[in-house]
Each structure stands twice: as structure tokens, then as C-alpha cells.
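The values are calculated or read from the model by the stated rules, or taken from the named source; none is laboratory data. Note that the coordinates shown come from a computational prediction; the quantities given were computed from them, not determined experimentally. FYI the Cβ positions are ideal-geometry reconstructions off the backbone, even for glycines, and counts take in every protein chain you see. Please note that ligands, DNA and RNA were not included when accessible areas were found on the heavy atoms of the full protein model with its side chains. Shrake-Rupley method; radii C 1.70, N 1.55, O 1.52, S 1.80 Å.
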Amino acid sequence: MRKIAMASHRLLPLSGETKDRKPASLERTGLVEGEASAEEVVVAYHERTKHHFHRYAASLGYMDWATQPDPFRRYAGADLVRLPLPKAGRPLPYWQLYASAIVPLMPLSLESVSFFFRYALSLTAWKQVGDTTWPLRANPSSGNLHPTEGYAVLPAIKGLGDTPAVYHYAPKEHALERRAIFDAKRWTELLAPFPDGSFLVGLSSVHWREAWKYGERAFRYCQHDVGHALASLRIAAAALGWRLVLLDSVSDGTLSNLLGLDRDEDFAAAEREEAELLALISQDLQAPLLTESKPLTAHGSSVLWQGRANTLSPEHRVEWPVIDAIAQATRRCESPPIKENFSGFPSEDELFRTPIRQGLLTAERAILGRRSAVAMDGSTAISRAVFFRMLARLIPTQEQQAMPWDAIPWRPRIHIGLFVHRVDGLAPGIYALARDPDKVDILKRVMHSEFCWHRVPDCPPGLPLYLLREGDCRALATTVSCGQNIAGDGAFSLAMIADYMDSLAMYGSGFYRNLFWEAGMVGQLLYLEAEESGLRATGIGCYFDDPVHAAFGIVSREWQSFYHFTVGGPVEDSRLTTLPTYNFEEQQ
Ligand SMILES: Cc1cc2nc3c(=O)[nH]c(=O)nc-3n(C[C@H](O)[C@H](O)[C@H](O)COP(=O)(O)O)c2cc1C
């Protein structure tokens, strides 16, 4: 394991108070002076983009509405294939998402591809106030700016295309844009390492969409959003009886090439997309998905591309070179796949006592009905059973079987510091959930020495849940979440504390992105679990980093808070009306 040399003296200082948020990056070209390793750039970026009580991370500081980015990427000139959907939908119960062995398998077809994107990345509502309307999606996004773009590399499918092709998903139309076609020989070569019937999905980020509003911290939010979208893809696959695994050994260069993101001629002045990840989807529940095989090969000249990316903003009045620097520092080379041993994790029985095999909510309602609460009521309490079940969903099981944790190959690096406000039968206070049972001891060492670390009585034996300190922490939770009342008014809120420096030392600077992805996946599960319980959740990207660490007594930079969340009884905004998204049957 490599040790990261900390070079804090080389970090460039930020200037300006909250009221004077000058885009510091305009005056400076980078994050660190002189030679610096990629890991040092990551550490410098993370420090620099912290929100402090007296100073937020650098952003424009006002909304430049004239340059608001278009949330919909389109490729002019690419064929658009609309995806059909029956209004009736699928009756699959929500709980079956987590019991994959009994989900009826949908064969790969135009219809199943349509369901897949519908559940993963589609529009799920248009909201309206007065004359203003805006769309919301199955996957959430910081500021609803939606930097994440979705792609698929699919074989010839009746009604979709006569040849294998690279497609871009267009959520507004619920359609696939055919970006490239290739022949059966190339398809066989590309998919050779994987079981028959597999296909690929990819995600990218348009940094500009988030940076337009959030400035330098935007890279973090783009990564959170990728994590939410990855979980969304995994959950959509589960609803169809499919498996999904992250192909973590693919280099960013190969990924850009496979998705067509490296094609200067197709982007011209349009905002570029950063390649994020590639995942394999398989209908084969038995075959090992990842074998020791040759790496994915880049496309050659036999692949025919079509389409030109649209420009998202008429101009960029501010550039954010710090985001380019952190993107560059976290790009990955071809590397061996991560292989970790999941020994010590609990069985499903130990996590849930009685594994959940009932419930009236359908998977479709949970997925398409998911919404962020804009306010919490400050009064709804939840039962201990619901609380324990939600937390149990966040832990991988013994054989790494639990959905969605079967999609990623590393042991959890994100642990949970909880602010419990109203859980029946539990004292309000600060709690901790170690998502890797082996990390309890080290968490005890890095947090306040006076925390009591009492195992929560009556919680399932496999759930590493501890009371740290009793007391009303509503004001604390609100304060550290940038003063947002949703954190204090929920039944509970939480900080996702990353085993940060050790992860970077183990897997290199590129793993900085993976930490946010894991946090986003935790968040996506909490969103759906809240729906299942008649509650709502909200992701909280705005929090004061070091004050959060102080709340848990964390002084070492080795452990850092990567994301916040709140769960509780929502207050609906009665001024909003909800409009339908698509008129599927009329489109056929
Ligand atoms: C990474 C991330 C950070 C977020 N941060 C906040 C936040 O700090 N405060 C807040 O009220 N909502 C926050 N949200 C919720 C978004 O505003 C919400 O997802 C978006 O408006 C879309 O609405 P929907 O989730 O109902 O689809 C966040 C969401 C994500 C995914």
C-alpha cells in the first residue's frame, strides 16, 4: 500500500468571504504549486472545496440565468428510436428487488430496454408553479441540474436496430439516440469476455451543468449523482431479473472511446462529457460475470458514428480550471479488477432477523414515485423496525449477494454517523453504523474518546449499530448541514463518513470518485426505503465539512464526511402541480 505524502504547505489558499464569493480559480491555474502527485491534487481539491462556517467553496455566488445549461443533451443527426411503454407497467413487488432469485427474467428486447431506462434515468414528473415548469427524474440530482448522461452498447434488437450500436439515452423523449453502428464481428470481439446475452451501460458527467451553479465543489456533486445513477441502473436491472456489475478495470481512455466521448469532431464548441463508468448487464444469473480475461478493446475504424452534440449554454462567463484539474487527477488507467474478500459480513437472517418477503408497494411505484422532500414536518416518528430495516439495506451480506452492493467489488468505505431525532423506543442522540463490521474498532479510535459505543439493544445481531451519545441533536444536525432545517426536522439525518486516505492509498487517486459513488448508492437506497415506509428522504450535498468532523470528534484528515442525508415525514408544497411525463400509448 502506498503512503500519500501530505504537502499541505503547497495547497494554494482561497480568499474571499461568503458575501464576496469571487471565483478564485480565475486568478489561479491549479490546485497545487509545482510538481504534485495525483493523490496530492485530490487532497488539495477536497480541502479547497470544503464549506466552512465563514466561507463557502468558491462559486459564482449568484444565478446567471442567461447561461443556464440545457439539462438535455441531444446529438443532432443521430437516429432517434422511441422506446415504447404500456401504461400498465409491471406489478413486481418492491421487496422482490432484493430477492433477485425469484424475479421473473425479462429477455432482452425493445420492451425490456425501455423498462430498464424508464426505471433508471427517465423523467418521472413535470412540476409546475405558475408559468414555470421543470422536469424531475427517476435519479435525483444536486440542484436538479442532472449532469449525468446515460449510454448503452447493445446488440441488434428487433425494433431497435438491425446492427449492434452505441446509444445515448434521451430522457425527455424516452428514446435512444443511435450514435454509432458496428458489425457482428466487432460485437463478438467486444463482448467476448462476458456471458452470452450481456450488454454494456455507461455513464458520463457534464461538469459544466453543476459548475454553472456550484462552482468548484461541483465535481463532488457530479460524482454523487453518478453514484445515485449507478444504484438506479442496478435497481432497474433487478426489476427485470438482470444482474449488473461495475467494470472497474476499464481505463477512462477506453471508456471515452467506447461511448464516443473522445470525438472532438462531434463536440466542436459543445460542452464535453467526462467518462465516468462502464457496467455490464447480464441475464445469466448463474455464470460468473467477471473472469480473468483480456481487457475491452477500443473501437476501430469499422465503427460508423453519427450525430453532433448540442451546446448547452450560449456562453460560459466563468471557467472552473480546478474542476479540470481534479477530473484529470482522478482518471484511471487500465488496471486489474478490484477483488476483495467479504468475510465477516452478516447473513441476510442476521441483518433482518426475518428477511422481508412481503409488502404491497410495487417496485415501479417506489422507483417512479421517489421524490426529495423539500421540507420535513419536524413531528413524524418512525418505528425501530423501520429504522433497523433501512440501515440493514445499507450493509452487504456474506456472499456479497445483497442488491445493489453486488454491483461493486470493494468492501464498504462509507460509514454512517447518525443524528437520531425521532425513532420510537430509541433515545435521541448520535449513533454510528459501521458498514464494514471490521471497521468498528478503528471508528472508535478516530471518533471522540468519550463516546460510549453501546450496542443498540434489540437491533438485529448483524447490524453494527451503536449509540455514541444521547441527547437532542436537532440543532447540531441543522447547523452542520448548512443550516438546512430538513436535517433537524427529519426523523433522522446522517453524515456519510469515508475511510478516505486509506482508500486513496490502496487504490489510487481515481478511487476518490468511487467514494462518492458509494455514498450516492447509499443515498439512492435510502430514497427508495423511505418511499416504502411512506416517508421521504433528501440528499444533502451542502454541509460544513470540518464542523461535521468536529461533531463526531474526527480530527484526522484520514476520515472525511462525503455526503449527508435526511429521512422523515415530508411537508408537501401545495403550490406545486404535477404534470404527466410521457403519453406512451399515444406515441405508438
Ligand atoms: C448529490 C445531491 C445533493 C443534494 N443536496 C441537497 C441539499 O443540500 N439540499 C436540498 O434541499 N436538496 C438537496 N438535494 C436534492 C435535490 O435538490 C433533488 O434531488 C432535485 O431537486 C431533484 O428532485 P427529486 O430528487 O425529487 O427528483 C440533493 C440531491 C443530490 C442527488
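Below, the figures for the structure above:
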{"item": "Solvent exposure of the range 210-324 as accessible area per residue, Å², 1.4 Å probe", "result": "33"}
{"item": "The chain: calculated mean residue ellipticity at 222 nm from DSSP helix runs of at least 4, using -39500 (n - 2.57)", "result": "-8000 deg cm²/dmol"}
{"item": "Proximal charge balance of Asp248 [Cβ under 13 Å; K/R count +1, D/E count -1]", "result": "-2"}
{"item": "Separation between Cα centres of the range 204-269 and the range 102-144, rounded to whole Å", "result": "16"}
{"item": "The range 55-151: proportion of alpha-carbon pairs further apart than 21 angstrom, %", "result": "54"}
{"item": "Whole-Å semi-axes of the ellipsoid equivalent to the range 440-588 (Cα gyration tensor, √5λ, descending)", "result": "32, 21, 16"}
{"item": "Coil-residue trypsin sites (Lys or Arg not before Pro) of the range 58-153, DSSP, other Cβ within 10 Å capped at 12", "result": "Lys87"}
{"item": "For the range 523-549 and the range 410-452, distance of Cα centres in Å", "result": "16"}
{"item": "By average C-beta atoms within 10 angstrom, highest first, the peptides 322-330, 232-240", "result": "232-240, 322-330"}
{"item": "Ranked packing of 154-166, 270-282, 211-223, most packed first, by mean Cβ within 10 Å", "result": "211-223, 270-282, 154-166"}
{"item": "Under the span-like rule (Cα at least 20 Å along the axis, Kyte-Doolittle mean at least 0.0), DSSP H helices of the chain", "result": "218-239, 511-532"}
{"item": "Unpaired by the 4.7 Å Cβ criterion, cysteines found in the chain", "result": "Cys222, Cys333, Cys452, Cys459, Cys473"}
{"item": "Portion, in percent, of the accessible area of the chain that falls on carbon or sulfur, probe 1.4 Å", "result": "52"}
{"item": "Relative contact order %, the chain, counting alpha carbon pairs below 8 Å whose residues are six or more apart", "result": "18"}
{"item": "For the range 258-408: rounded, prolate or oblate by the Cα gyration tensor [a/c cutoff 1.5]", "result": "oblate"}
{"item": "The range 98-214: C-alpha gyration tensor shape, a/c 1.5 cut-off, then a/b vs b/c", "result": "prolate"}
{"item": "Whether the chain is rounded, prolate or oblate, judged on the alpha carbon gyration tensor where a/c under 1.5 counts as rounded", "result": "rounded"}
